[in-house]
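This report concerns only the one structure given below.
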Amino acid sequence: MTQARVAPQGVTFRAANAEDVDAIVDIFGRSRAVALPFLPKLHTAEEDRAFLAGAVKEARVTLASLDRPIGFMAETEGWIDHLYLHPDCRGRGIGEALVRQAMSRQERLQLWCFADNHPARRFYERLGFAIERQTSGDNEEGLPDILYVWQREPA
């Protein structure tokens, strides 16, 4: 495994709360528009907001900030459900710092990644995630995706 990158100085991480939903929705929309342009638009802005507000209530959502919110990760038991960064903040170690926080808390993590999201696939594989299963698109977008799994190595 390659050496860990350090998130830029000044980046802070904290638990998100209901007051952060607007910032999370903004990051989600901007990130998907740039990183996932192949995704069909299936939901209205209001539906996305309600979905993400629910995630903040039901999951551990960690917010990354650097003078403003710039990324978030939603994590449930054994899963990384969402990881999104503002497009201007990709490739700076922030996503890695978020994932490594989840790795420090959990013995095993799973996540779904769209097969066409090649930068994310390289990112997760570099962090030690392995392909568990691939589908031809049994998700709401109808697009091929990959189930990745990471397992902590025994001490």
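The values are calculated or read from the model by the stated rules, or taken from the named source; none is laboratory data. In this text the structure is predicted, and so the values were computed from the model without any measurement. We place every Cβ from the backbone using ideal geometry, glycine too, and count neighbours over all the protein chains shown. Accessible surface is based on the protein model in full, side chains and every heavy atom, while ligands, DNA and RNA are left aside. Shrake-Rupley method; radii C 1.70, N 1.55, O 1.52, S 1.80 Å.
Checking the condition modelled with pLDDT under 95, touching a strand residue (DSSP E or B) at 6+ places or on another chain (Cβ under 8 Å) and under 16 Å from residue 15 (Cα atoms), which residue from 66, 83 passes?
Answer to the check: 66.
When the residues of segment 84-106 are narrowed to those that are among the small types (Gly, Ala, Ser) and part of a helix (DSSP H, G or I), which ends up nearest to residue 29 (Cα to Cα)?
Once the filter is applied, the top-ranked residue is 95.
Looking at segment 119-131 only, could you name the residues that are among the charged types (D, E, K, R) and either surrounded by fewer than 11 Cβ atoms within 10 Å (Cβ to Cβ) or in contact with a helix residue (DSSP H, G or I) (Cβ under 7 Å, 6 or more places away or on another chain) (or both)?
The one that is among the charged types (D, E, K, R) and either surrounded by fewer than 11 Cβ atoms within 10 Å (Cβ to Cβ) or in contact with a helix residue (DSSP H, G or I) (Cβ under 7 Å, 6 or more places away or on another chain) (or both): 122.
Take the conditions among the aromatic types (Phe, Trp, Tyr) and closer than 18 Å to residue 127 by Cα and apply them to residue 13. Does it pass?
no
Which one of these does residue 143 not meet: (1) within 26 Å of residue 63 (Cα to Cα); (2) surrounded by 13 or more Cβ atoms within 10 Å (Cβ to Cβ); (3) not acidic (Asp, Glu)?
It is condition (1) that residue 143 fails.
Taking the options 47, 75, name whichever one is surrounded by fewer than 11 Cβ atoms within 10 Å (Cβ to Cβ) and charged (D, E, K, R).
It is 47.
I need the full set of residues from segment 50-64 which are in contact (Cβ under 8 Å) with a residue 24 or more places away in the chain and crowded, with 17+ Cβ neighbours inside 10 Å, in order please.
Answer for segment 50-64, where residues must be in contact (Cβ under 8 Å) with a residue 24 or more places away in the chain and crowded, with 17+ Cβ neighbours inside 10 Å: 52, 55, 56, 60, 61, 62, 63, 64.
Among the candidates 67, 81, which residue alone is among the charged types (D, E, K, R), open to solvent by 30 Å² or more (accessible area, probe 1.4 Å) and either in contact with a His (Cβ under 8 Å, 6 or more places away or on another chain) or assigned to a strand (DSSP E or B) (or both)?
Going through 67, 81 in turn, the sole match is 81.
Surrounded by 11 or more Cβ atoms within 10 Å (Cβ to Cβ) and either modelled with pLDDT of 95 or more or more than 17 Å from residue 38 (Cβ to Cβ) (or both): which single residue out of 97, 155 fits that description?
So the residue among 97, 155 that is surrounded by 11 or more Cβ atoms within 10 Å (Cβ to Cβ) and either modelled with pLDDT of 95 or more or more than 17 Å from residue 38 (Cβ to Cβ) (or both) is 97.
Being within 22 Å of residue 146 (Cα to Cα), of a type in the set (D, E, K, R), surrounded by 13 or more Cβ atoms within 10 Å (Cβ to Cβ) and at pLDDT below 95 narrows it down to one of 90, 32, so name that one.
Testing whether each residue is within 22 Å of residue 146 (Cα to Cα), of a type in the set (D, E, K, R), surrounded by 13 or more Cβ atoms within 10 Å (Cβ to Cβ) and at pLDDT below 95 leaves just 90.
May I ask you to list the residues in segment 59-78 that are under 18 Å from residue 30 (Cα atoms) and among the basic types (Lys, Arg)?
The answer is 68, and nothing else.
Is there any pair with a first residue in segment 73-100 that is touching a residue at least 12 places away in the same chain (Cβ under 8 Å) and a second that is open to solvent by 70 Å² or more (accessible area, probe 1.4 Å) and assigned to a loop (DSSP other than H, G, I, E, B) whose Cβ atoms are under 7 Å apart and which are 6 or more apart or on different chains, and what are they?
Qualifying pairs under 7 Å: 93/5; 93/6; 96/5.
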